1. Taking the conditions exactly as written (among the basic types (K, R) and assigned to a loop (DSSP other than H, G, I, E, B)), does K11 satisfy them or not?
2. Output the number of the condition that T66 fails; it satisfies all remaining conditions of (1) free of Cβ contacts under 8 Å to residues at least 40 places away in the same chain; (2) assigned to a helix (DSSP H, G or I); (3) of a type in the set (V, I, T).
3. Just to be sure, is I84 assigned to a loop (DSSP other than H, G, I, E, B), without any contact (Cβ under 8 Å) to a residue 12 or more places away in the chain and either farther than 29 Å from I128 by Cβ or within 18 Å of the chain's Cα centre (by Cα) (or both)?
4. Residues being within 18 Å of A113 (Cα to Cα), assigned to a helix (DSSP H, G or I) and of a type outside the set (A, V, I, L, M, F, W, C): count how many of those fall in the range 16-51.
5. Which of the residues belonging to the range 100-127 are of a type in the set (A, V, I, L, M) and modelled with pLDDT of 95 or more?
6. Restricting attention to the range 37-64, and to residues there that are polar (S, T, N, Q) and closer than 17 Å to N96 by Cα, which single residue is surrounded by the fewest Cβ atoms within 10 Å (Cβ to Cβ)?
Amino acid sequence: MKLPDAVIVGKILMGLLALLMVMHVLILARVIPYDVVWGGNIKDKSQLYVFEISALVINGLFLVITAIKLGYIKAPKLNRAASIGMWITFAYFAMNIIGNLSSGVSWEKLLFAPLSIVLALLSLRVAIHQESP
């Protein structure tokens, strides 16, 4: 069985990461209620800012790592770090599946758990990608 093309998978991954970042901005702007994320554990504005800004930074970092890994960002000195970063990205989303499924918030179980599965699989495919010499 042939694996899907890593470049196409990477483009899908980067698109989903960008959409996640938009979602977190909308949560910060209170367009989307913050009780649908983080297991409903955000208690006040300061927690909201810490959690959501952290999510933006993490997803932005994953986006940059993916872009370096696939050669969209030319940074030869960072290629090894990007390869390691892709495995960390995969592990993050794999662990996120558990968190989403164990959440008391139905949105996390119904929407974000399947999304985390997709993001984990996409990240895994990009992580195992080897550039052609």
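1. no
2. Evaluating T66 over (1) free of Cβ contacts under 8 Å to residues at least 40 places away in the same chain; (2) assigned to a helix (DSSP H, G or I); (3) of a type in the set (V, I, T) leaves (1) as the failure.
3. So I84 fails the test.
4. The qualifying residues number 5.
5. Correct list: L115, I117, V118, L119, A120, L121, L122, L124, V126, A127.
6. S54
One line per residue, one yes/no per condition, for (1) out of contact with any helix residue (DSSP H, G or I) (no Cβ under 6 Å at 6 or more places or on another chain); (2) exposed (fewer than 13 other Cβ atoms within 10 Å of the Cβ):
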site	(1), (2)
I8	yes, yes
L17	no, no
I32	no, no
G85	no, no
I88	yes, no
Y92	yes, no
W107	no, no
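The values are calculated or read from the model by the stated rules, or taken from the named source; none is laboratory data. Quick caveat: nothing in here was measured; it's all calculated off a predicted structure. Glycine also receives a Cβ, built like all others from the backbone with ideal geometry; neighbour counts cover every protein chain displayed.
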